[in-house]
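Enquirer: Just passing along the structure, written as structure tokens.
Read the figures in this text as sums done on the coordinates, not as results from a lab. No experiment lies behind these values; they were computed from the predicted model shown. Ideal geometry is used to build each Cβ from the backbone, glycine not excepted, and the neighbour counts take in all protein chains shown.
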Amino acid sequence: MRIDTRTTDGITVLDIHGRITIGEGSVEMRNKLRELLQAGKKDILLNLGDVSYVDSSGIGELVSCYTTVTNQGGRLKLLHLTKKVQELLAITKLLTVFESYEDEKKAIGSFK
Amino acid sequence: MRIDTRTTDGITVLDIHGRITIGEGSVEMRNKLRELLQAGKKDILLNLGDVSYVDSSGIGELVSCYTTVTNQGGRLKLLHLTKKVQELLAITKLLTVFESYEDEKKAIGSFK
Amino acid sequence: MDAELLTRFRYDDYDLKPLGDVTQRTNSAQKGEIEISFASELRYLDIIQVVSDSITRMLNFDDDTRYWVGMSVRESVTNAILHGNKMDEGKRVWVRFDLSPDRLVIYVRDQGAGFDESKLPNPLDPRNLLRPSGRGIFYIRTFMDDVRYSVLAEGGMEVRMEKRLNNKLKSDQEGEANAN
Amino acid sequence: MDAELLTRFRYDDYDLKPLGDVTQRTNSAQKGEIEISFASELRYLDIIQVVSDSITRMLNFDDDTRYWVGMSVRESVTNAILHGNKMDEGKRVWVRFDLSPDRLVIYVRDQGAGFDESKLPNPLDPRNLLRPSGRGIFYIRTFMDDVRYSVLAEGGMEVRMEKRLNNKLKSDQEGEANAN
Ligand SMILES: Nc1ncnc2c1ncn2[C@@H]1O[C@H](COP(=O)(O)OP(=O)(O)O)[C@@H](O)[C@H]1O
Ligand SMILES: Nc1ncnc2c1ncn2[C@@H]1O[C@H](COP(=O)(O)OP(=O)(O)O)[C@@H](O)[C@H]1O
């Protein structure tokens, strides 16, 4: 798993590449979020378009990220859900928890 | 495994697609050769460029094809050996038995 | 005798393609069973998933079904390693694929103490929605047709997951897609 | 306790990458062993080859070595099914991968009567060059570092094939290529 960080219109976009599974990616995501929150960057867009595989542990990790950011008064939204991730979120009623977007511009705009 | 048959300058070219392994391809190759030999077509070029996998049984099958054609006074040559097939033939000293070509024009010309 | 066998099987058209074989199956105890076992290390997860994938490809399951069956196997093996064997690499996990004409049954067995499934919290309960774990078995139940947990008499926990083959064939993929 | 385990293994950086693990291995009987068994049907060959491929990928073998190890496994399993078990689907084949820091050892076992390897014709003998069979074991011997056949006391034949890890790592691929 690899995370690329960029900023668009003041919103931090994290491009996630690879898998979010048991034992893969959790540490990276946690460290990255901690770093961002400490720097006062609280509006975060997770781009999952290049995520190849997510297991139940990875879904849990997304939830953790969400609560971590929300608890600090920030906002975490999702971009480019793959069909499978969308289905996994839907099955566990998490689609209503996460705000998610198909279009990056709209996603960025939604933070305004 | 699939065999496409075409004729170039009077030489029958068999384009082999897929695998030549235990239980795969032997029947097709045998039937095709029998058919060709019965029709008097004795100059045959086997194009192995699109062969994805060959096991020891597949190498044996190539040898069978060779002896079948040779025994009927025909000539069987090989075209576009993959690196792996070339290595398998080399290891069992069969590169000296088979005439093989990298270039189709040269292969066709060699029958003249 | 060997020569005869060789001739027969090298020269006959042996159809390795899906299901042709399965339906010809008769009553032999272990026929149609593939079993794989390994130490409790997460690095083997990919290998097991690849085995599941090869088997469901051989059975001609459609791509979506193969994906979800593979994920169910992965989740079950993760549980066996993590919760069952508690990451003790001296303990093993067994995965058995039982291929029959009308269903694929997958067993995952560990050497742990087991658990009482009826006591598991419901991940859909609003109070549990934001918990970082507890969704694996729920996913498995969603993707497989029948799921049963049992503590084995000889020790260890076994989950039995069944996927029926009706409308799971590639030729039915369109129907599948419409149904979803 | 489970929660603690979960936290530990979900939140720690668990390195699934090759060899890091293998070298940390200590002395547990079955650790680092993956065993797969199945009925004597040729349609399982692809599955076994895929398992070999996943394991050698995990061990970070270079592509060529992975290919030849996979082929050796395939040839051995073909022999076990064909010559050993004589295509009797009621008989099983076992394949065991033994992962240790310095070598991969693969065992293929069948339920047949075995054979005397010293009596095998040499496929390189000019008189045998055009025989349609008899090259499998020769290939295996070429690709693996050590190959031993033994008839087991409890019945059945087992081949033990060893591939050493020195200069078989991807980082050494260049050196490998030069050597060939
Ligand atoms: N093989 C097993 N052995 C013992 N306990 C298990 C096993 N599988 C699951 N469990 C228990 O069931 C719980 C729920 O499992 P699951 O739904 O997969 O979610 P998670 O693994 O994220 O907790 C686990 O936390 C564990 O307590
Ligand atoms: N597992 C086995 N059990 C019994 N005989 C075997 C076994 N493996 C190989 N043999 C014998 O060794 C011979 C040579 O095998 P091999 O080199 O693989 O070539 P082929 O399978 O084409 O004959 C076989 O024909 C068979 O007689």
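Enquirer: Tell me which residues, restricted to the range A:44-63, are among the small types (Gly, Ala, Ser) and surrounded by fewer than 20 Cβ atoms within 10 Å (Cβ to Cβ). Quick ask: steps written out before the conclusion?
Expert: Looking only at the range A:44-63, we keep the residues that are among the small types (Gly, Ala, Ser), and these are A:49, A:52, A:56-58, A:60.
Those that are among the small types (Gly, Ala, Ser) and surrounded by fewer than 20 Cβ atoms within 10 Å (Cβ to Cβ): A:Gly49, A:Ser52.
Enquirer: Looking at the range B:34-43, can you tell me whether even one residue there is part of a helix (DSSP H, G or I), surrounded by fewer than 20 Cβ atoms within 10 Å (Cβ to Cβ) and within 14 Å of chain C (Cβ to nearest Cβ)?
Expert: Quick first cut of the range B:34-43, residues part of a helix (DSSP H, G or I) only: B:34-38.
Subset that is surrounded by fewer than 20 Cβ atoms within 10 Å (Cβ to Cβ): B:34-38.
With within 14 Å of chain C (Cβ to nearest Cβ) added as a condition, the list becomes B:34.
Yes: the range B:34-43 contains one or more residues that are part of a helix (DSSP H, G or I), surrounded by fewer than 20 Cβ atoms within 10 Å (Cβ to Cβ) and within 14 Å of chain C (Cβ to nearest Cβ).
Enquirer: Right, something else. Taking the residues in the range D:74-92 that are among the aliphatic types (A, V, I, L, M) and buried (at least 22 other Cβ atoms within 10 Å of the Cβ) as candidates, determine which candidate is nearest to the other protein chains (Cβ to nearest Cβ). Reasoning before the result, please.
Expert: Let us first name the residues in the range D:74-92 that are among the aliphatic types (A, V, I, L, M), namely D:77, D:80-82, D:87.
Now restrict to residues that are buried (at least 22 other Cβ atoms within 10 Å of the Cβ): D:77, D:80-82.
Working: D:Val77: 10, D:Ala80: 12, D:Ile81: 9, D:Leu82: 6 Å.
If we take residues in the range D:74-92 being among the aliphatic types (A, V, I, L, M) and buried (at least 22 other Cβ atoms within 10 Å of the Cβ), then D:Leu82 is nearest to the other protein chains (Cβ to nearest Cβ).
Enquirer: Return the only residue of D:Arg127, D:Arg109 being basic (Lys, Arg), surrounded by fewer than 13 Cβ atoms within 10 Å (Cβ to Cβ) and more than 7 Å from ligand 2 (Cβ to nearest atom).
Expert: Details: D:Arg109 fails: surrounded by fewer than 13 Cβ atoms within 10 Å (Cβ to Cβ).
D:Arg127 is the lone residue from the list that is basic (Lys, Arg), surrounded by fewer than 13 Cβ atoms within 10 Å (Cβ to Cβ) and more than 7 Å from ligand 2 (Cβ to nearest atom).
Enquirer: So, one more: What about D:Thr65, is it away from ligand 2 (no atom under 13 Å from the Cβ), buried (at least 24 other Cβ atoms within 10 Å of the Cβ) and touching a residue at least 40 places away in the same chain (Cβ under 8 Å)? Spell out how you get there, then give the answer.
Expert: Details: away from ligand 2 (no atom under 13 Å from the Cβ): yes; buried (at least 24 other Cβ atoms within 10 Å of the Cβ): no; touching a residue at least 40 places away in the same chain (Cβ under 8 Å): yes.
No; evaluated as a whole, the condition is false for this residue.
Enquirer: Then there is this: With B:Glu102, B:Glu28 as the choices, which residue is within 30 Å of D:Arg74 (Cβ to Cβ), surrounded by fewer than 21 Cβ atoms within 10 Å (Cβ to Cβ), within 14 Å of another protein chain (Cβ to nearest Cβ) and away from ligand 2 (no atom under 16 Å from the Cβ)?
Expert: From the options B:Glu102, B:Glu28, the qualifying one is B:Glu28.
Enquirer: In the list C:Arg74, C:Arg57, which residue meets the criterion of being farther than 20 Å from C:Ile137 by Cβ and either assigned to a helix (DSSP H, G or I) or within 12 Å of ligand 1 (Cβ to nearest atom) (or both)? Walk me through how you get there before you give the answer.
Expert: Numbers: C:Arg74 fails: farther than 20 Å from C:Ile137 by Cβ.
Checking each option against the conditions leaves just C:Arg57.
Enquirer: Additional query: What is the one condition in (1) within 14 Å of the chain's Cα centre (by Cα); (2) free of Cβ contacts under 8 Å to residues at least 40 places away in the same chain that A:Ala107 does not satisfy?
Expert: (2)
Enquirer: Determine whether the range B:88-97 contains at least one residue that is in contact with a strand residue (DSSP E or B) (Cβ under 7 Å, 6 or more places away or on another chain) and either of a type outside the set (A, V, I, L, M, F, W, C) or part of a loop (DSSP other than H, G, I, E, B) (or both).
Expert: Step one: of the range B:88-97, the residues in contact with a strand residue (DSSP E or B) (Cβ under 7 Å, 6 or more places away or on another chain) are B:88.
Narrowing the set further to residues that are either of a type outside the set (A, V, I, L, M, F, W, C) or part of a loop (DSSP other than H, G, I, E, B) (or both) leaves none.
Looking through the range B:88-97, none of the residues is in contact with a strand residue (DSSP E or B) (Cβ under 7 Å, 6 or more places away or on another chain) and either of a type outside the set (A, V, I, L, M, F, W, C) or part of a loop (DSSP other than H, G, I, E, B) (or both).
Conditions (1) closer than 24 Å to D:Ser72 by Cα; (2) outside any helix (DSSP H, G or I); (3) out of contact with any His (no Cβ under 9 Å at 6 or more places or on another chain); (4) of a type in the set (A, V, I, L, M, F, W, C), marked per residue:
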| site | (1), (2), (3), (4) |
| --- | --- |
| B:Thr5 | no, yes, yes, no |
| B:Arg19 | yes, yes, yes, no |
| B:Thr67 | no, no, yes, no |
| B:Gly73 | no, yes, yes, no |
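Enquirer: Can you tell me which condition B:Gly18 does not meet? The list is (1) more than 27 Å from D:His83 (Cβ to Cβ); (2) of a type in the set (Gly, Ala, Ser); (3) surrounded by 15 or more Cβ atoms within 10 Å (Cβ to Cβ), and all the others hold.
Expert: (1)
Enquirer: Applying the selection to the range D:122-141, what residues are in contact (Cβ under 8 Å) with a residue 60 or more places away in the chain and at the interface with chain B (Cβ under 7 Å from one of its Cβ atoms)?
Expert: Applying the first criterion (in contact (Cβ under 8 Å) with a residue 60 or more places away in the chain) to the range D:122-141 yields D:136-137, D:139-140.
Hits for the range D:122-141 are D:Gly136, D:Tyr139.
Enquirer: Take D:Glu158 and tell me if it is surrounded by 16 or more Cβ atoms within 10 Å (Cβ to Cβ), within 14 Å of the chain's Cα centre (by Cα) and more than 8 Å from ligand 2 (Cβ to nearest atom).
Expert: On the way: surrounded by 16 or more Cβ atoms within 10 Å (Cβ to Cβ): yes; within 14 Å of the chain's Cα centre (by Cα): yes; more than 8 Å from ligand 2 (Cβ to nearest atom): yes.
Here the answer is yes, as D:Glu158 does meet what is asked.
Enquirer: May I ask you to verify whether C:Leu59 is among the hydrophobic types (A, V, I, L, M, F, W, C) and surrounded by fewer than 16 Cβ atoms within 10 Å (Cβ to Cβ)?
Expert: When the stated conditions are applied, C:Leu59 does not pass them.
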